[in-house]
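Each value in this text was obtained by applying a stated rule to the coordinates, not by laboratory testing. In this text, all values refer to a predicted model and were calculated from it rather than measured experimentally. All Cβ positions, glycine included, derive from the backbone under ideal geometry; neighbour counts span all protein chains shown.
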Amino acid sequence: MVLEQFNLKGKTALVTGCKRGIGMAMAIALAEAGADIIGVSASLETSGSQAEKAVTALGRKFSAYQCDFADRNALYDFIHKVKQDFPVIDILVNNAGTILRKPAAEHPDEYWDTVINTNLNAQFILTREIGKDMLARKQGKVIFTASLLTFQGGITVPGYAASKGAVGSLVKAFANEWASSGVNVNAIAPGYIATDNTAALRADEQRSSAILSRIPAQRWGEPEDFKGPVVFLASAASDYVHGTILTVDGGWMGR
Ligand code: GCO
């Protein structure tokens, strides 16, 4: 039966950037579909987080880790630890990301490095290290959080746009190599979503109304808009979907 294909009972999902916003909604959605959650973020409390409360209320396990993905050594320490604690990770959601705004002519090295390290380099390393076990088991689901700036240049966010553009290429590169081994690698590209990432845009009245007037659905997205898409890409329902970037943007890209 088709709904059975969406069932994630018995699966373990690692969700990065799961403390709030889209990542938290995705972690909760995966738990609602039956998965246990390994949550990680730069500042996740080891116990009592909102994500943990929501996941455990569903009767699922939540294991919290703290890792700043801008820090290469911390990343490798995290990978080592989580692989020891969880020999089988069925689903990897590469959602952790950061954004720093400043015009290209003034964009400092530190902004560039932090954003590229967090949004691109860490995602590559984590996927390589978790993915190699999926390849050995000939089963796994990897989902990246891309962006509309995977396709567009954005405004005063050159590092972010470059990182998200590269995420689009990375998804296809992994998918090309891993599809024949039963590992699906795909991305979700959020549109303009009412989260911390876009707080500055929503606070700017001009930017905010310019954005809203361009969205065919005529509303900002909400973290909950990602629950269905992430479960689809994490489940057997998407077994023949490889290397795709699913826009969840109220129609922005189609306009
Ligand atoms: C920005 C960016 C980001 C996201 C956007 C579209 O200028 O802040 O556009 O907010 O990339 O949400 O995905």
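Numbers at a glance
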read-out: Vicinal HN-Hα couplings computed from phi for the range 242-255 (Karplus, 6.51 cos²θ - 1.76 cosθ + 1.60; Hz; Gly/Pro x); value: 9, x, 9, 10, 8, 7, 10, 9, x, x, 3, 5, x, 6
read-out: Volume in Å³ per residue [convex hull over Cα atoms, computed for the range 65-174]; value: 91 Å³
read-out: Convex hull of Cα atoms in the range 57-96, direction-averaged projection (nm²); value: 3.6 nm²
read-out: Of Gly140, Gly17, Gly191, the one that fluctuates the most in a GNM where the chain has Cα springs shorter than 10 Å; value: Gly191
read-out: Pairs of Cα atoms farther than 19 Å apart, the range 199-251, %; value: 44 percent
read-out: Listed residues Arg219, Arg128, Arg207, most fluctuating in the chain (Gaussian network, C-alpha, under 10 Å); value: Arg207
read-out: For the range 60-125: rounded, prolate or oblate by the Cα gyration tensor [a/c cutoff 1.5]; value: prolate
read-out: Volume of the Cα convex hull of the range 95-153, divided per residue and given in Å³; value: 84 Å³
read-out: Formal net charge of residues neighbouring Asp133 (Cβ-Cβ distance under 12 Å; K, R +1; D, E -1); value: +3
read-out: Highest-MSF residue in the chain out of Tyr240, Tyr111, Tyr192 [GNM, Cα springs under 10 Å]; value: Tyr240
read-out: Spatial separation of Cα centroids for the range 1-56 and the range 179-255, in angstrom; value: 18 Å
read-out: Computed [θ] at 222 nm, helices only, for the chain once each DSSP H run of length n ≥ 4 contributes -39500 (n - 2.57); value: -12000 deg cm²/dmol
read-out: For the range 156-255: span of alpha carbons on each principal axis (Å, largest first); value: 49, 28, 25
read-out: Helix axis angle, 158-178 relative to the chain longest principal axis, alpha carbon, degrees; value: 30 degrees
read-out: Alpha-carbon Rg/Rh ratio, for the chain, with Rh computed the Kirkwood way; value: 0.95
